[in-house]
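*Asks:* Starting off with a structure, shown below.
The values are calculated or read from the model by the stated rules, or taken from the named source; none is laboratory data. Here the structure is a predicted model, which means the values were calculated and not measured. Here the Cβ is made from the backbone with ideal geometry for all residues, glycine too, and neighbour counts use every protein chain on show. SASA here: full protein model, heavy atoms, side chains in, ligands and nucleic acids out. Shrake-Rupley method; radii C 1.70, N 1.55, O 1.52, S 1.80 Å.
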Amino acid sequence: MIELTVDGTALQAPAGQSLAAVLLTAGRVALRNSPSGTPRGLFCGIGVCQECRVVVDGAVARACVTPVAAGMTVTTGRT
Ligand code: FES
């Protein structure tokens with residue numbers, strides 16, 4: 001198990017699990033808002049649609065194809 005931080009909250013997850021799976025397990029279904037304010041989240045799950053964009057350690061990443069790692073800092077709702 002590793003520990004990461006999501007929006008200031010510490011979470012534990014199996015190393016290497018996808019960030020999307022970790023966020024869904026933690027009840028984080030909406031990951032960002034569209035320009036009109038509509039909540040958006042996981043859609044394709046294979047890295048194509050970019051609906052799962054979050055900020056990981058300061059860079060935009062697709063949660064569905066990003067494995068979690070120890071010390072990772074994730075910010076949702078800002079992409
Ligand atoms: S859910 Fe489509 S790119 Fe992640």
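*Asks:* Filter the strands (runs of 3 or more DSSP E) completely within the chain down to those with at least 2 residues that are away from the ligand (no atom under 16 Å from the Cβ) and open to solvent by 50 Å² or more (accessible area, probe 1.4 Å).
*Replies:* Fully inside the chain and qualifying: 9-13.
*Asks:* Pairs under 6 Å by beta carbon, first residue free of Cβ contacts under 8 Å to residues at least 60 places away in the same chain and under 15 Å from Thr66 (Cα atoms) in region 1-28, partner part of a loop (DSSP other than H, G, I, E, B) and open to solvent by less than 50 Å² (accessible area, probe 1.4 Å), six or more apart or different chains?
*Replies:* Ala13/Val68; Gln17/Val68; Leu19/Thr66; Leu19/Val68; Ala20/Cys52; Val22/Val68
*Asks:* In addition: Pairs under 6 Å by beta carbon, first residue among the charged types (D, E, K, R) in region 44-61, partner open to solvent by 70 Å² or more (accessible area, probe 1.4 Å), six or more apart or different chains?
*Replies:* Glu51/Arg40; Glu51/Phe43; Arg53/Val60
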